[in-house]
């Protein structure tokens, strides 16, 4: 590790979209009608295509994007829709040309921009495997060698010789991904192929991609699945409106991206007292989300716990103060509220002026995968609400580690213990 | 010729068990003007080309009810219609050879040519999803479309041999020229297809012009009539249509028509080469727009 695998230098891509309507006089119309064929031919021969460039609107899908990827790195590319991620991948896969800048690629590239590219409905699974493998860049010997593995991974052995048009969509996807998963290029470029398929399939894909990453290949991975990004990638870059917004470790970039999406800060803190209105008796100083080993984060897996840390200042002695946190899910449903006075030693006591730090742990194996927001409040039960922070922290729970099949309904999805016994075992007749 | 799209050079690399000591570096940058042909890349992708040809052939035969018969029906029925109307009723001369076989011998390479044209002209648009998602030299697509017609050609040729048996015509040593003439047909078909398929990406109505174009071309080629109807020098000039050289050559090699059409074939070859070379250059120049427009 250390040599550069991909180098991107000031890459830009310009597209022409549509055409502005202009008011035309008859003279203009006639003149352009005569000149048009000649202009068109000229344009065609120069390879500019048929579109009239003059009046078109132009957008930059990518602008001045530069970064480097070292050999063996797994780098994630994230950003909203239209940020330019797919365009960047297309350029690096040599499918389309950049308008400005250049890129250098050291090594053989395998691109997975779509699953099942080139599959033809009339051909059998076996024939499509060979065709798709060849399209992805494997030669016949390689495919022969890996054929059994591919079929085993896809679990369609029984149907491998029936035309693909008879496959269910799940089988189709599994076979297509199986072929793609056995690509062994030095550099792998993957675009959101995990977005299709059921949860089981996605888990399988993630597993395979993790294995590929561990083999030391360089991987460039685009996805909207933040859980997958943090799980697989060491570094990440975020694109916004065609420009490189930020780059750094995967956890950092994902956290910053998520908070900008939710419009809130991962860590909310107010150092300037005068900027916060309301009562001065209790003031929240900061609220943070931490992993069990006290690292700030924005995503947890289903099977991990989350620490919520609240720092607040008490100005005057208060009796019966409660500090509570409320959890809302993406449907705006209140999942639960929990307060520090649930702990008996803090119940009904007097809190003296000081700076307090409260930490509570949200248990694992409880929250349904999705997006959640935390709110906080400080109040005296039955008397007054002193201070409230609405929706100040956002985090995602990813499906990783969730063994529950099928997906659950309900506000929470706890993993409960079940004990089953049979009447016939107890020797009784029912 | 200015900047080529891709420049490859070899670098010595240290470390990394994954990389061979000699790694190729690919540089991706905007191309300007005429693009280098990069035919060696086409050779590197020959396995993919083979698979695309195989796919085109398989799909053609799996999909149609008539399957292989279609390769024979078209030239045979055209021959029957021509024989009735041009041969018998119109009394068009046929260089001393029975009219049906006179015209069929021309129809066999002609069908290969016209089928290649119609398949290839829409090939890029038909493979749009491939072109938008995978990198490979786009030349593979029309080449595969044209080459996949060779299977049909072989079948129609069998029928021709059958007809020769029926008429008692036995070919001499001149048949060694057949592969050369086949190559000429392939060159022409490919050359025109490259122009048409590239244009079709930008102007989708090009593929609707094809039937009209092939009809005209059919009558501009001496299939239903002999080229001896023309006097020199018009006859030689006429062979700027490359199919003229093909058709007359086929007839001479298989059926023993009078004099060797040597000069005609040479002129046809030059014309075909010109079309092919210009076609490749034009295609390569337009290639960068395909993924964005198709």
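Below is a table of values for the structure above.
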{"read-out": "Selected residue (criterion: nearest to residue A:136 (Cα to Cα)) from residues of segment B:112-126 that are in contact (Cβ under 8 Å) with a residue 12 or more places away in the chain and surrounded by fewer than 21 Cβ atoms within 10 Å (Cβ to Cβ)", "value": "B:125"}
{"read-out": "Identity of the residue in segment B:127-157, surrounded by fewer than 18 Cβ atoms within 10 Å (Cβ to Cβ) and without any contact (Cβ under 8 Å) to a residue 24 or more places away in the chain, that ends up farthest from the other protein chains (Cβ to nearest Cβ)", "value": "B:154"}
{"read-out": "Qualifying residue in segment A:62-83 (condition: assigned by TED's automatic domain parsing to the domain that holds residue A:191 and under 23 Å from residue B:46 (Cβ atoms))", "value": "no"}
{"read-out": "Single match in A:65, A:51 (criterion: over 26 Å from residue B:202 (Cα atoms) and either surrounded by 12 or more Cβ atoms within 10 Å (Cβ to Cβ) or modelled with pLDDT of 75 or more (or both))", "value": "A:65"}
{"read-out": "Failed item in (1) surrounded by fewer than 15 Cβ atoms within 10 Å (Cβ to Cβ); (2) assigned to a strand (DSSP E or B); (3) at pLDDT below 85; (4) within 12 Å of chain B (Cβ to nearest Cβ), with residue A:58 passing the rest", "value": "(4)"}
{"read-out": "Breaking point among (1) touching a residue at least 60 places away in the same chain (Cβ under 8 Å); (2) more than 14 Å from chain A (Cβ to nearest Cβ); (3) surrounded by fewer than 22 Cβ atoms within 10 Å (Cβ to Cβ); (4) closer than 28 Å to residue B:38 by Cα, for residue B:293", "value": "(2)"}
{"read-out": "Set A:226, A:209: member being under 15 Å from the mean Cα position of the chain (by Cα) and under 22 Å from residue A:5 (Cβ atoms)", "value": "A:209"}
{"read-out": "Test: residue B:244 is modelled with pLDDT of 85 or more and within 23 Å of residue B:117 (Cβ to Cβ)", "value": "yes"}
{"read-out": "Filter result for residue A:212 (closer than 17 Å to residue A:71 by Cα, assigned to a helix (DSSP H, G or I) and touching a residue at least 24 places away in the same chain (Cβ under 8 Å))", "value": "yes"}
{"read-out": "Meets criteria (in a loop (DSSP other than H, G, I, E, B) and either assigned by TED's automatic domain parsing to the domain that holds residue A:200 or over 29 Å from residue A:86 (Cβ atoms) (or both)) for residue A:97", "value": "yes"}
{"read-out": "Unmet requirement for residue A:361, which otherwise passes all of (1) touching a residue at least 40 places away in the same chain (Cβ under 8 Å); (2) surrounded by 13 or more Cβ atoms within 10 Å (Cβ to Cβ); (3) within 30 Å of residue A:224 (Cβ to Cβ)", "value": "(2)"}
{"read-out": "Residues satisfying the stated conditions in segment A:84-124, i.e. out of contact with any helix residue (DSSP H, G or I) (no Cβ under 8 Å at 6 or more places or on another chain), at positive phi and either modelled with pLDDT of 90 or more or within 7 Å of chain B (Cβ to nearest Cβ) (or both)", "value": "A:94, A:101, A:107"}
{"read-out": "Matching entry among B:35, B:81, B:59, B:76 (being in a helix (DSSP H, G or I) and facing chain A (nearest Cβ under 10 Å))", "value": "B:59"}
{"read-out": "Any hit, segment B:175-182, residues being crowded, with 20+ Cβ neighbours inside 10 Å, modelled with pLDDT under 95 and away from chain A (no Cβ under 14 Å)", "value": "yes"}
{"read-out": "Top-ranked residue in segment B:218-235 [being assigned to a helix (DSSP H, G or I) and within 21 Å of residue B:113 (Cα to Cα); ranked as modelled with the lowest pLDDT]", "value": "B:227"}
{"read-out": "Candidates A:338, A:330, A:424, filtered to the one that is in the same structural domain as residue A:282 (by TED's automatic domain parsing), more than 22 Å from the chain's Cα centre (by Cα) and more than 26 Å from residue A:204 (Cα to Cα)", "value": "A:338"}
{"read-out": "Subset tally (residues that are away from every other protein chain (no Cβ under 14 Å) and either part of a helix (DSSP H, G or I) or within 20 Å of the chain's Cα centre (by Cα) (or both)) for segment B:237-290", "value": "35"}
{"read-out": "Single residue of segment A:202-219 satisfying the filter (in contact with a helix residue (DSSP H, G or I) (Cβ under 7 Å, 6 or more places away or on another chain) and within 14 Å of another protein chain (Cβ to nearest Cβ)) that is surrounded by the fewest Cβ atoms within 10 Å (Cβ to Cβ)", "value": "A:213"}
{"read-out": "Scan of segment A:228-252 for residues that are within 19 Å of residue A:304 (Cβ to Cβ) and buried (at least 17 other Cβ atoms within 10 Å of the Cβ), ordered by number", "value": "A:228, A:229, A:230, A:231, A:232, A:233, A:250, A:251, A:252"}
{"read-out": "Residue check for residue B:162: surrounded by fewer than 20 Cβ atoms within 10 Å (Cβ to Cβ), more than 22 Å from residue B:37 (Cα to Cα) and modelled with pLDDT under 90", "value": "no"}
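Table: residues versus (1) within 30 Å of the chain's Cα centre (by Cα); (2) surrounded by fewer than 16 Cβ atoms within 10 Å (Cβ to Cβ); (3) away from chain B (no Cβ under 13 Å); (4) within 19 Å of residue A:203 (Cβ to Cβ).
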{"residue": "A:135", "(1), (2), (3), (4)": "yes, no, no, no"}
{"residue": "A:146", "(1), (2), (3), (4)": "no, no, yes, no"}
{"residue": "A:161", "(1), (2), (3), (4)": "no, yes, yes, no"}
{"residue": "A:164", "(1), (2), (3), (4)": "no, no, no, no"}
{"residue": "A:170", "(1), (2), (3), (4)": "yes, yes, yes, yes"}
{"residue": "A:176", "(1), (2), (3), (4)": "yes, no, no, yes"}
{"residue": "A:182", "(1), (2), (3), (4)": "yes, no, yes, yes"}
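The values are calculated or read from the model by the stated rules, or taken from the named source; none is laboratory data. Every value quoted in this text rests on a predicted model; they were computed, and no experiment measured them. A quick note on method: Cβ atoms are made from the backbone with ideal geometry, for glycine too, and the neighbour counts reach across all protein chains shown.
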